[in-house]
Every structure is written in structure tokens, then in C-alpha cells.
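A short worksheet on the structure shown next.
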Amino acid sequence: MDTHDVSDVPEYLEYLRGHKQNLKNAQAVKGCPARSKKSRDEILMQFMVRQMMNKEPPAHPNYIRSSFLPPAYTPCVTPFSKLEKVMMKSLFLETHHRGRYLLLRTVTPIDISTAVMAIVEDEDGSVLMIQLYNQEQELLGAQSLREGTVLAVKEPYVKVMADGDYGIRVDHLSDVRFIPEFDDLVPLSWRKRITQADESAPFWKEKGNENFTRGDYKSAVQWYSKSLETHSSPELLVTVQLNRALAFLKSHCFDAALRDVEDVLKVSELSEKALFRKGQALYQLGRFRESCETFAILTEKYPKNATAAHENVHENVHENAHEYAHEYARASARLVEQESGKYDFRKMIKEAKKRQPPRLNRGTYIGPVTVKQTQYHGRGLFTTQAVKAGDLLFCEKAFAHAFHDENASKGLRLLLNVDMNKATIGTQGELIQLIVQKLYKNPSLLPDFVKHHHGTYKSVDCLEVDSEPVVDRYVSVSPS
């Protein structure tokens, strides 16, 4: 990770002090009604001007984007059905509205800086800016947060922003729900079209296919899910579930993809597509032995397809079909690394020099070591057998890695953390985003991750609400 602690550098120390003063000023209005003095039109115009200015390329390639962490707060763990809807007129500044939720609709295109920003309205037509942190990469391109998107913000946090205006800040991924247009939560006045009672599973499937083709995998998953809720033939259910599994794979939601293909394999034990996608999902989750076993079945049962050029998914969607033998060999190589610790380090160094960013696909090896509680200093790493100098104890692939390309145009990022009295410059902000996204998409990784030391911060004990993962963004911030 390309990160430097600049807490003692005078230039950045002033940033930190200034932010502390802003927080102090904001606390002076805590509990006051969050009613902007600006009209709706003024707020919209100001945002559009800001958006146009941000489209201009920076004057210097190493310009600095600053972002501020608010005082740490825990994510919502209340089931959505028990939350009470609130309107903007009932919000208060510098307040976490526990037990409440906001139903909002975007009324502008997005602007992206250190967060995804847009102007949102409630059902009364009141408007505020929303800032969605740790979602910059997820809401770009085909999956962009389009104007007219409906979302629910759980236990909204309203803050005074750096420019003195008011806004809704969302740090935890699990505190926002993106509502599909067919959902009952969407008010009739906000619907682009009225759902017809006779719309069937094939209709929803085709909508999913259309979004998949555009590369909007998140929306594709929503439409496929709607199709699966509708009565249809067993054959169509299998097709849609396979399509949704592929959309999950494209979105790096490997846990969800694995669940879908496992369901398909219960009714179609040797489904070629289900086995192929199962092997891929297991590989990405680091479950290499199971991945090898799956690809072994594929190469045995479908030898003629081992060199297929393309795999037909359905009428409108295609994916590249890797050679099954190649996939088997790749998973086998990771399994050897994982179980024996045999690595070609010279080859890895050469490979890293050629890659930008230098990310290598290797298995994690945990050798004769274990983590145990020490008598006086928390947990420690202990050997489980006699070792000698030069023995490999473990070789662990980083959970996430953020890389700064000096030739990139997006510039450096200054992250100010008042709780830790710390200023860092580099890629820590990007790293935090990568970590929380990976955890949110693959909650099977959460139990081990939350065991790691995260300072004195007390997180929530709950890891799932409403069948969705709860990811506390603050456990990803190093306490060191």
C-alpha cells in the first residue's frame, strides 16, 4: 500500500487542525433542524456548477484530494421492517437518526470526488446532497447511480459539510439500499412505469439480460431475482439462476454465485454451466481443493468442450469459456502453494515487475504457526513445531492492495482521521474501499476479518440483518 503518515508535516497538520475546528463548529449546532436556507433551485444549480468544475482536468498530476473521517459510528443493525420512515423536514444536524430511514430519489447525475455525490429528494420534494463513501468504483460506468434512482438510507446521519452546507453522509455500505423500480417501496409518483399483473418470469428474465448486456450487473441481479420470485417452469428457474450466478461472478459476489449454482446442482447434478461457475467461485474464494474437485468433474464429464471458444449463456449474453483443463491446472497450482508453501519467488518478482498494478494470483500458505492469546500482550503468533532458520512459516496474500500509479490523473488522497489524530497521504482511502467492498460482497470472509485488532473501537456483534451482511467500515481502519 502506497501510504505515508504526514501527521507531523506542518502543511498537513494545518489540514488536520482545520478539520478539528470544523467538527467543533458543527457540534455547536448539533440537534438543530437540518433545514437549508437555500431553495431547491439554488441547491440544484450549485451542485450542477460544482459538477461541471470537477470535470475539468487537474492543473497538476499530483494534486491532492482531501477527505475526512467523521467520529466513528456503528452501522444500522435494526431490521428494515422495524425502522420508521422519516422526512427531511424532521432531520437534525450532526445526528444519527437511530430507528429511522429515509426514502430518497436522485434528481441529478452523480459527481465523484472522494465520495459519490448527488442531490436527492424525499416524497415532499425537499432536497439535500447525499455523500456515499466507499462506493466510488461500484457506481461508475454501466452501474452508475442514474438520475431517478430510488434508495433507502437506514438511520441517516446528517452533517455540516466542509463548505457549510448540510448533507446526508453514508459510510457503511449496509446502511443504504438501492431499490429496484418494481419494488413496493417505490411510491407510485416515482415509478417510471406501472408493473402489470400479467408480467411473467420470462419478461423479468429478459430485463435482466438487457442489463447484463449493458454491463449493469447489479441491476441484472435485481431483475433476475424478480423473475425467480415469479411462478415459472423448472427449466426457466434453472436458466435464470445460472444467469444470476454469472452476474454475481461479474460483480465479484462469489458467495452469492456459489449459492445459486449449488441450488442448480441440486436439481441438475451435472449441469455444465453450474459446475464451471462453481469452480470459478470457489477459486476466487480461495477454496482451491474444492475448485480442483469441481474442474476435475468437468474435464471428465465434458472432455469435448474443454477447448470451446465461447459458452452460450442465453440469447443475449455470452461469456468467455476458459479451457476446463487450464482452469483445473490453475486451481491445482494454487492448491500446491496453499498446502505445501512451494513458490517460485524469482518468477513472482519478474511477474510483478510486468504488472500494473503488481497483483499476483497466488495461494496463501499457513505453515507451522498458530495464533494464540498471550499472557500480557493480546494475541501473538506461535510456532507449532521446531523450526530452523530459513524455514517458511507463512506466505499470505494481502486481503486487499491499493496501488498508486504515478502516471494516473486522479491524484493523491489525503485522509484525515480525528479519532486517531492522524493524517495519511496516498492510497489508504482506496484500500478501505476495497476492503469493505470485498467483505460486503463476500460475507463468508467477515468472521475471520472482524477478529483482527482494530484498536479501542467497539463495533457491533451482528454480521447479518435481513439476510444482508452488516459491514462496519471502521473496523477496516488500522489503529496503528
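A few notes on this one:
- Once divided by 2.2 N^0.38 Å, the Cα radius of gyration of the range 98-177 becomes 1.01.
- Kirkwood hydrodynamic radius of the range 201-334, from inverse mean 1/r over distinct Cα pairs, in Å: 14.8 Å
- Proximal charge balance of L83 [Cβ under 12 Å; K/R count +1, D/E count -1]: +2
- Cα-Cα P(r), the range 222-271, percent of pairs per 10 Å interval: 28, 58, 14
- Directionally averaged projected area (convex hull, Cα atoms, the range 334-480), nm²: 12.4 nm²
- Quarter of Cα convex hull surface for the range 3-190, i.e. mean projection, nm²: 12.1 nm²
- Taking N as the residue count of the range 1-40, its C-alpha radius of gyration divided by 2.2 N^0.38 Å amounts to 1.78.
- Quotient of Cα Rg and 2.2 N^0.38 Å for the chain, N being how many residues it contains: 1.07
- Diffusion constant of the range 344-408 at 25 °C, which comes from Stokes-Einstein with the Kirkwood Cα-pair radius and 0.890 mPa s, µm²/s: 165 µm²/s
- Long pairs among K353/K438; K154/K451; K55/K422; K55/K441, criterion Cα-Cα beyond 32 Å: none
- 222 nm mean residue ellipticity, helices alone, for the chain (DSSP H n ≥ 4; -39,500 (n - 2.57); rounded to 500): -11000 deg cm²/dmol
- H452/Y376 FRET efficiency (R0 25 Å; Cβ-Cβ; nearest 0.05): 0.80
- For the range 123-215, radius of gyration divided by Kirkwood radius, i.e. Rg to Rh on alpha-carbons: 1.02
- Highest mean packing first, where packing is the average number of other Cβ atoms within 10 Å per residue, the peptides 240-253, 355-368, 447-460 line up as 240-253, 355-368, 447-460.
- Length-normalised contact order for the chain - Cα pairs under 8 Å, 6+ apart - percent: 19 percent
- Here the range 435-480 is treated as an ellipsoid with the same Cα gyration tensor; its semi-axes, largest first and in whole Å, are 18, 11, 9.
- Fraction in percent of alpha-carbon pairs per bin - 5 Å, the range 22-121: 2, 9, 14, 17, 22, 18, 10, 5, 2, 1
- Cα coordinate range in the range 246-299, projected on the principal axes (Å, largest first): 25, 23, 13
Read-outs: derived from the displayed coordinates by stated rules, not from any lab. Bear in mind that the values here come from a model prediction, so they are computed numbers and not experimental data. For neighbour counting, all protein chains shown are included, and Cβ atoms are generated from backbone atoms with ideal geometry for every residue, glycine included.
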